[in-house]
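The values are calculated or read from the model by the stated rules, or taken from the named source; none is laboratory data. It should be emphasised that the depicted structure is a prediction, and the values quoted were computed from it without experimental measurement. Cβ atoms come from the backbone with ideal geometry, glycine included; neighbour counts cover every protein chain shown. Accessible surface is based on the protein model in full, side chains and every heavy atom, while ligands, DNA and RNA are left aside. Shrake-Rupley method; radii C 1.70, N 1.55, O 1.52, S 1.80 Å.
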Amino acid sequence: MTAIDPTAHLTAEQIEELGRELDAIRDEVIASRGEKDAAYIRKVISAQRKLELVSRGVLLFSFFPPAWLIGTAGLSVAKIMDNMEIGHNILHGQWDWMRDPKIHSTTWEWDHVSPSDQWKHSHNELHHKYTNVIGKDNDLGYGIMRVDEDQRWHPIHLGQPLWNFINACFFEYGIAAYDLELGKNLHKRRRKNPEFRARAKAVGRKIRKQVLKDYVIHPLLSGPSFLTTLAATFTANLVRNIWSHSVIMCGHFPEGVQVFERRSIKGETRGQWYLRQMMGSANISGSKAMHFMTGNLSHQIEHHLFPDLPSNRYAEVAVKVRALFEKYELEYVTGPLPKQVFSAWHKVFRLSLPNKKPKVKTPDREQELVAA
């Protein structure tokens, strides 16, 4: 929450007109979806499966250093493709319009320890609805970090750079943890809640399935390459976790991205919701290959405006969206990956320290920020 509202110059009528213009962009893409889009996602899925199969095959001989390097690199890319361009976007319902039961948000399961149904609830229903709202959006700081200067500082926040690094290394487990909302459900009374216990068991089953596949079956099939294949799979998961964490951090945490108080969304109109997505997200500039490897979440602003549009269309949508930013005199936060990563981590470190000059807050605002 900045001291100066970067949207203060907009009237209520302008905000609703902005919403109508964004609706028109969305409607245009929906009307033009077709076979070219369907062919794209089928081609990506096929390429990912072939790459993973070949990479795991090469790793059967991973005791040879060249095979280890090639297989690990291939498996890392395959896992990133599965999570980012394929799994994340299918689970958003971006391809449900194809009515293909094999590529549908209700049937897809991904290479990730968080069950798809739990992720869809925490991500699609909560994160995208309450984007960057402190105390409502668990993706904002992942529930372990101070994310705004107006939040009360505590000495425990000194450790948030370390917590964030650990979270990056084991990101899929961090996601599973806050999909379960462990922070509030570890209370003894809540642990006995039948719904929570059922969800926790589902996560346990998914973790066992992933561990069995990656760290038991595949290494055992490698015979004398057991240990090197085990190390390769761990490395591939580590690379995937750090990459996906970095992309998501760059989408919501760089300097210039706004956060919001819970009371600010009361009675929110569609135009105001659109505006919050625009101000609460940031993009990453780069090549087509970089956009692909991020699952097109490098177009985070466009994704948050239109989460159910096919990801391969975000690049063309971004041109029109950026024009609206300029028309309404709003800042389009974007930059190359190194710049955005540095900006996000700089903010993590900066907010781990107490404010140099304490800010004066109203009692209501103080209570809300402490609760968050």
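I'd like to know if region 127-134 contains one or more residues that are crowded, with 19+ Cβ neighbours inside 10 Å, of a type outside the set (Val, Ile, Thr) and out of contact with any His (no Cβ under 7 Å at 6 or more places or on another chain). Yes, the conditions are met somewhere in region 127-134. If we scan region 170-180, do we find a residue that is among the small types (Gly, Ala, Ser), modelled with pLDDT of 85 or more and loosely packed, with under 14 Cβ neighbours inside 10 Å? Scanning region 170-180 turns up no residue that is among the small types (Gly, Ala, Ser), modelled with pLDDT of 85 or more and loosely packed, with under 14 Cβ neighbours inside 10 Å. Please specify each residue of region 28-58 satisfying the condition of being surrounded by fewer than 13 Cβ atoms within 10 Å (Cβ to Cβ) and either outside any helix (DSSP H, G or I) or in contact (Cβ under 8 Å) with a residue 40 or more places away in the chain (or both). Gly34, the sole residue that qualifies. Checking Met278, Met293 one by one, the residue that is in contact (Cβ under 8 Å) with a residue 12 or more places away in the chain and either crowded, with 23+ Cβ neighbours inside 10 Å or at positive phi (or both) is Met278 and no other.
Could you say whether any residue in region 17-28 is closer than 30 Å to Gly223 by Cβ, over 25 Å from the mean Cα position of the chain (by Cα) and among the aliphatic types (A, V, I, L, M)? So far as region 17-28 goes, no, none of its residues is closer than 30 Å to Gly223 by Cβ, over 25 Å from the mean Cα position of the chain (by Cα) and among the aliphatic types (A, V, I, L, M).
Can we say Arg199 is part of a helix (DSSP H, G or I) and surrounded by fewer than 19 Cβ atoms within 10 Å (Cβ to Cβ)? So Arg199 does not fit the description; no.
Among the residues of region 213-260, those that are outside any helix (DSSP H, G or I) and either surrounded by fewer than 19 Cβ atoms within 10 Å (Cβ to Cβ) or modelled with pLDDT of 95 or more (or both) comprise Ser222, Glu255, Gly256.
Residues that are among the acidic types (Asp, Glu), at pLDDT 95 or above and more than 24 Å from Ser244 (Cβ to Cβ) do not occur anywhere in region 301-312. Regarding region 311-320, can at least one residue be identified that is buried (at least 21 other Cβ atoms within 10 Å of the Cβ) and under 18 Å from the mean Cα position of the chain (by Cα)? Scanning region 311-320, I find at least one residue that is buried (at least 21 other Cβ atoms within 10 Å of the Cβ) and under 18 Å from the mean Cα position of the chain (by Cα), so the answer is yes. Quick check on Lys206: is it closer than 21 Å to Tyr173 by Cα, in contact (Cβ under 8 Å) with a residue 60 or more places away in the chain and not hydroxyl-bearing (Ser, Thr, Tyr)? For Lys206, the condition - closer than 21 Å to Tyr173 by Cα, in contact (Cβ under 8 Å) with a residue 60 or more places away in the chain and not hydroxyl-bearing (Ser, Thr, Tyr) - is met. Scanning region 152-163 for residues that are more than 19 Å from Glu181 (Cβ to Cβ) and of a type outside the set (Lys, Arg) gives Trp153, His154, Pro155, Ile156, His157, Leu158, Gly159, Gln160, Pro161, Leu162.
Condition check: touching a Gly at 6+ places or on another chain (Cβ under 8 Å), assigned to a loop (DSSP other than H, G, I, E, B) and at pLDDT 90 or above. Does Trp153 satisfy that? So Trp153 does not fit the description; no. Scan region 102-111 and tell me whether some residue there is open to solvent by less than 20 Å² (accessible area, probe 1.4 Å), assigned to a helix (DSSP H, G or I) and modelled with pLDDT of 95 or more. So far as region 102-111 goes, no, none of its residues is open to solvent by less than 20 Å² (accessible area, probe 1.4 Å), assigned to a helix (DSSP H, G or I) and modelled with pLDDT of 95 or more.
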